Amino acid sequence: MNEDLDLTLYADSAELVESATTEAMELIALHLLQKGSCHIALTGGSLGGEFARALVSKINQSKDLSGLNIWFSDERFDSVDSPLRNSRPVRDGLKNSTVTVHEVESTDNGITVLEAAESYDSQLRNIHMDICVLGLGPDGHVASLFPNHWDPTATGNAISIVDSPKPPSERVSFSMSFINSSTEVWIIAAGESKAVAVTQVLEAEPSVPAGHVMATELTRLIVDTEAFFTE
């Protein structure tokens, strides 16, 4: 078992999202108070989208959050208005103009996925992620790093993905090295379909990307009972 992993268990996905986003807001406020800035990376997937929408709702209820920067640990390379874009919940919902959002460039800009990754990599230069939120796929993928479709040795901040086994095939993703440079990484998972992958995280299973996640200070696995308890 991974003894460096901090496990938090919730009754269901709704309780998970509400509690985790409340904790995120508290941590954001602490960083802003202590150093005047906070960098948080959000993610995609069904639970990642719920987390993003709930966090944005709380951000909108706050006043001045100057210094808060929102990034995305991975993004589907598609048109800017595509419902597939992981940034869509933030783009559609954010009303607080004091927050800075950093989106991956889209296909609308007439560039390749490699160029989009190079641009995001450049933006991330000298950026330290305070909180990196990651969804967990049933296959053990995190961000857009899929088993048998990722390079564990990649050292860039953002990398291009051209053969994702889940459509769309082209994506931009944080590298594992950049994920693991974060102060805190929160892996969130809910539902019975994630149970095997949760076990792989708990056991630091090296055959899947999720088994390689390890932040510099705190690595959290935040799950509901269905994702944790298996028969």
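Among what's in the stretch 208-231 and is farther than 21 Å from Trp150 by Cβ and assigned to a strand (DSSP E or B), pick the residue that is farthest from the chain's Cα centre (by Cα).
Asp224
Any idea which residue in the stretch 1-34 is nearest to Asn86 (Cα to Cα), counting only those that are assigned to a helix (DSSP H, G or I) and free of Cβ contacts under 8 Å to residues at least 12 places away in the same chain?
It comes out as Ala14.
Can you spot a residue in the stretch 131-141 that is among the acidic types (Asp, Glu) and more than 14 Å from Gly45 (Cβ to Cβ)?
No: the stretch 131-141 contains no residue that is among the acidic types (Asp, Glu) and more than 14 Å from Gly45 (Cβ to Cβ).
Taking the condition of being of a type outside the set (Ser, Thr, Tyr) and either without any contact (Cβ under 8 Å) to a residue 12 or more places away in the chain or not in a strand (DSSP E or B) (or both), how many residues in the stretch 127-146 meet it?
The total comes to 12.
Among the residues of the stretch 40-72, how many are under 10 Å from the mean Cα position of the chain (by Cα) and on the phi > 0 side of the Ramachandran plot?
1
Looking at the stretch 42-52 only, could you name the residues that are open to solvent by 30 Å² or more (accessible area, probe 1.4 Å) and either part of a loop (DSSP other than H, G, I, E, B) or of a type in the set (Gly, Ala, Ser) (or both)?
Passing the criteria: Gly45, Ser46.
Right, Ser57: assigned to a helix (DSSP H, G or I), at pLDDT 95 or above and either hydroxyl-bearing (Ser, Thr, Tyr) or open to solvent by less than 30 Å² (accessible area, probe 1.4 Å) (or both) or not? Reasoning before the result, please.
Numbers: assigned to a helix (DSSP H, G or I): yes; at pLDDT 95 or above: yes; either hydroxyl-bearing (Ser, Thr, Tyr) or open to solvent by less than 30 Å² (accessible area, probe 1.4 Å) (or both): yes.
Yes, satisfied.
From (1) open to solvent by 70 Å² or more (accessible area, probe 1.4 Å); (2) at positive phi; (3) of a type outside the set (S, T, N, Q), pick out the condition that doesn't hold for Asp4.
Unmet for Asp4, out of (1) open to solvent by 70 Å² or more (accessible area, probe 1.4 Å); (2) at positive phi; (3) of a type outside the set (S, T, N, Q): (2).
Counting only residues that are in contact with an Asp or Glu (Cβ under 9 Å, 6 or more places away or on another chain) and without any contact (Cβ under 8 Å) to a residue 40 or more places away in the chain, which one in the stretch 97-111 is farthest from Thr21 (Cα to Cα)?
The selected residue is Ile111.
Quick check on the stretch 161-183: of everything there that is within 16 Å of the chain's Cα centre (by Cα) and open to solvent by 30 Å² or more (accessible area, probe 1.4 Å), which residue is farthest from Ala24 (Cα to Cα)?
Ser177
Failed condition for His39, given (1) modelled with pLDDT of 95 or more; (2) under 20 Å from Met214 (Cα atoms); (3) open to solvent by less than 60 Å² (accessible area, probe 1.4 Å); (4) in contact with a helix residue (DSSP H, G or I) (Cβ under 8 Å, 6 or more places away or on another chain), with all others met?
For His39, the exception is condition (4).
The values are calculated or read from the model by the stated rules, or taken from the named source; none is laboratory data. None of the values given here were measured: they were computed from a predicted structure. Cβ atoms come from the backbone with ideal geometry, glycine included; neighbour counts cover every protein chain shown. Heads up: the accessible areas ignore ligands, DNA and RNA and are worked out on the full protein's heavy atoms, side chains in. Shrake-Rupley method; radii C 1.70, N 1.55, O 1.52, S 1.80 Å.
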